[in-house]
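Report on the structure given below.
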Amino acid sequence: QLVEVNGSPCLKLTEDEEKMTIPGIKSIYRLRDAAGHPFMDLMALEEEPAPGAGQELRIRVLGRLEETSKVIPSTVEPLQRVYFRDGQV
């Protein structure tokens, strides 16, 4: 999906909140509980600090943006790997 044009974040406008995009380049993390089971994949803006294990996070669920919840992951695993940036390997 389109996230930026010439360095400016883009937002997809729609009446259906579940189909709305978050503008900007994202990072994706898998959050795991104390037993090592994944309980959430977290999408954050690339410039935001990475979440830490044992750190309380305030989150919003897509489709319910007015509500916030708190989670505390035991482990955090980055899911994205950058292989190409600016046309370079």
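If you stretched the chain out fully between ILE22 and TYR83, how much longer would it get, using 0.36 nm times the residue separation minus the C-alpha to C-alpha distance? Display every interim value, and only then the final one.
On the way: separation 61, 0.36 × 61 = 21.96 nm, distance 2.27 nm.
Here the segment from ILE22 to TYR83 would lengthen by 19.7 nm.
Rolling a 1.4 angstrom probe over the protein heavy atoms, how many square angstrom per residue are accessible across region 4-78?
Values: 5260 Å² over 75 residues.
So region 4-78 comes to 70 Å² accessible per residue, rounded to a whole number.
Can you list residues whose amide H is under 5 Å from SER27's amide H, if they're 5+ apart or on another chain and H is modeled 1.01 Å from N?
ALA44, LEU45, GLU46
Could you list which residues have their amide H under 5 Å from that of SER74, counting only those 5 or more apart in sequence or on another chain, with H placed in the peptide plane?
Here ARG32, ASP33, ALA34, GLY54 satisfy the definition.
Along the positive direction of the dipole of the chain (beta-carbon charges: Lys, Arg +1; Asp, Glu -1; about the Cα centre), which of VAL89, ILE25, PRO9 reaches farthest?
In the chain, that residue is VAL89.
Under a 5 Å amide H to amide H cut-off, with H placed in plane at 1.01 Å, what residues pair with MET40 once short-range neighbours are removed?
LEU31
Computed from the mean reciprocal separation of all distinct C-alpha pairs, what Kirkwood hydrodynamic radius does region 4-78 have, in Å? Provide the component values of the computation, followed by the final result.
Values: mean 1/r = 0.0731 Å⁻¹.
Evaluated over region 4-78, this radius sits at 13.7 Å.
What FRET efficiency comes out for GLU4 versus ARG30 if R0 is 25 angstrom and r is the Cβ-Cβ distance? Round to the nearest 0.05. Present the calculation step by step, with values, prior to reporting the outcome.
Working: r = 24 Å, r/R0 = 0.96.
Once the sixth-power term is evaluated, E becomes 0.55.
Arranged from highest to lowest average of other beta-carbon atoms within 10 Å per residue, in what order do the peptides 27-36, 48-57 appear? Please list the in-between numbers first.
On the way: 27-36: 13.9, 48-57: 12.1.
Ranked by mean Cβ neighbours within 10 Å, highest first: 27-36, 48-57.
Rounded to the nearest percent, how much of the accessible area of the chain (1.4 Å probe, protein heavy atoms only) is carbon and sulfur?
Values: 3540 of 6910 Å².
C and S atoms contribute 51 percent here.
The values are calculated or read from the model by the stated rules, or taken from the named source; none is laboratory data. Only a predicted model underlies this, so the values are computations on that prediction, with no experimental measurement involved. As a convention, Cβ positions derive from the backbone with ideal geometry for all residues, glycine included, and neighbour counts pool all protein chains shown. Protein only, heavy atoms only, side chains kept; ligands, DNA and RNA dropped before computing areas. Shrake-Rupley method; radii C 1.70, N 1.55, O 1.52, S 1.80 Å.
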